[in-house]
Amino acid sequence: MSKIELNKRQETILQIVKENGPITGEHIAEKLSLTRATLRPDLAILTMSGYLEARPRVGYFYTGKTGSQVLSEQLKKLQVKDFQSIPIVVNENVSVYDAIVTMFLEDVGTLFVVDENAILAGVLSRKDLLRASIGKQELSSIPVNIIMTRMPNITVCRNDDLIVDVAGSLIEKQIDALPVIKDSEKGFEVTGRITKTNMAKILVRLAENDII
Ligand code: ADP
């Protein structure tokens, strides 16, 4: 994806199109005393980001979109596959004790529980494990499938889902993470993890102008 912050030449092109559009790439190049080929990447960026529109045989014209409109449009295109993390999974038969150890070792706040076919069976959050720990039970003898949130009550997402929709689910369901899944004959195969941390990272990268 292109960067939203425009360089000087792109700003100049935008100005030329604003004043003269519709105008062909050829004519823009002439006004700048540059070749059409030199301008091509800039025109591609301006078109992709939504500042300009290109009509065949007519030329470029200014869409009139503001920076924030362009940003919002691009933001709404971000997909799970480009921002997800590696999922940390445990088998449904492991003990609560082992799940706690895994959570510390892997440094994650949510574990996904899978069955013997590696199909999603449940979710374990920090509080699920804390809750199980304040009872008097022996943690190494309770399997996680007793305390996990189980299918079909798990909110999932897929590779091509939109980041804004996932963020909406995290807020609406008041949860920290969603498993990214792939549909298979046996159920949901866990392929990734998307969390509030991923959302915070997206925000930082947006501010650094690193995404759009
Ligand atoms: P914590 O409980 O540590 O604050 P969450 O807010 O993520 O963490 O989890 C709240 C509850 O929702 C937990 O019981 C957890 O099992 C459940 N949960 C977490 N993620 C999901 C999910 N993707 N789908 C359904 N339930 C979930």
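The values are calculated or read from the model by the stated rules, or taken from the named source; none is laboratory data. For clarity, every value in this text was computed on a predicted model and none was experimentally measured. Counting neighbours? That spans all protein chains shown, and the Cβs are built from the backbone with ideal geometry, glycine included. Each accessible area value is taken on the protein alone, full model and side chains, heavy atoms only, with ligands, DNA and RNA left out. Shrake-Rupley method; radii C 1.70, N 1.55, O 1.52, S 1.80 Å.
Based on DSSP, what percent of beta bridges with both residues in the stretch 73-138 are antiparallel, to the nearest 5? Intermediate values should be presented prior to the final figure.
Numbers: 5 of 8 bridges.
About 60 percent, rounded to the nearest 5.
How big is the Cα convex hull of the chain in projection, averaged over all directions, in nm²? Walk me through the numbers on the way to the answer.
Details: hull surface 61.0 nm².
Its average projected convex-hull area is 15.3 nm².
Where the only charges are on Cβ atoms (+1 Lys, Arg; -1 Asp, Glu), what is the dipole of the stretch 99-212 about its Cα centre, to the nearest 20 debye? Don't skip to the end; give the middle numbers.
On the way: 13 positive and 16 negative charges, 85 e Å.
Result for the stretch 99-212 is approximately 420 debye, rounded to the nearest 20.
Could you point to the residue in 125, 151, 63 farthest towards the positive end of the stretch 48-178's charge dipole, with +1 and -1 charges on the Cβ of Lys/Arg and Asp/Glu respectively?
Checked the options; the winner is 63.
Positive end of the dipole of the chain, charges at C-beta (+1 Lys, Arg; -1 Asp, Glu), about the Cα centre: which of 192, 39, 108 has its Cα farthest in that direction?
39
Convert each backbone phi in the stretch 50-64 into a coupling constant with the Karplus relation 6.51 cos²θ - 1.76 cosθ + 1.60 (shift: θ = phi - 60°), then list the ³J(HN,Hα) values in order as whole Hz, x for Gly and Pro.
x, 6, 10, 10, 10, 10, x, 6, 10, x, 8, 9, 7, 7, x
What angle do you read, to the nearest 10 degrees and between 0 and 90, between the alpha-carbon axis of helix 8-20 and the longest principal axis of the chain?
The answer is roughly 60 degrees.
Taking only protein heavy atoms and a 1.4 Å probe, what accessible area per residue, in Å², does the stretch 60-130 have with all protein chains in place?
On the way: 3690 Å² over 71 residues.
Spelled out: the 1.4 Å probe surface of the stretch 60-130, per residue, equals 52 Å².
Compute, for residue 106, the solvent-accessible surface of its heavy atoms (probe 1.4 Å) with the complete set of protein chains present, and express it in square angstrom to the nearest 10.
90 Å²
Express the carbon and sulfur contribution to the solvent-accessible surface of the chain as a percent, rounded to the nearest whole number, probe 1.4 angstrom.
52 percent
Past 21 Å, Cα to Cα: identify those pairs from 65/201; 81/196; 31/65, in the order given.
Working: 65/201 27 Å; 81/196 15 Å; 31/65 23 Å.
Distance filter (> 21 Å) returns 65/201; 31/65.
Once you charge only the Cβ atoms, +1 for Lys and Arg and -1 for Asp and Glu, what is the size of the charge dipole of the chain about its Cα centre, to the nearest 20 debye? Intermediate values should be presented prior to the final figure.
Values: 26 positive and 27 negative charges, 144 e Å.
Taking the Cα centre of the chain as origin, the dipole is about 700 debye.
If I take R0 = 25 Å and measure r between the Cβ atoms of residue 203 and residue 172 in this structure, what FRET efficiency does the formula 1/(1 + (r/R0)^6) give, to the nearest 0.05?
The pair residue 203/residue 172 has a calculated efficiency of 0.85.
Report the relative contact order of the stretch 81-200, percent, no decimals, based on alpha-carbon pairs under 8 angstrom and at least 6 residues apart. Numbers along the way, then the final one.
Numbers: 199 pairs, mean separation 35.6, N = 120.
Worked out over the stretch 81-200, it gives 30 percent.
Take the eigenvalues of the Cα gyration tensor for the stretch 84-209, scale each by 5, and report the square roots as semi-axes in whole Å, largest first. Mind showing how you got there, number by number?
Values: eigenvalues 134, 60, 29 Å².
Working through the eigenvalues yields semi-axes of 26, 17, 12 Å.
Over the alpha-carbon set of the stretch 1-126, work out the extent along each principal axis and list the three values in angstrom, largest first.
Sorted from largest, the Cα extents of the stretch 1-126 read 71, 26, 25 Å.
What is the helix-to-structure angle for 196-207, meaning the angle in degrees between its Cα long axis and the longest Cα principal axis of the chain, kept from 0 to 90 and rounded to the nearest 10?
It works out to around 20 degrees.
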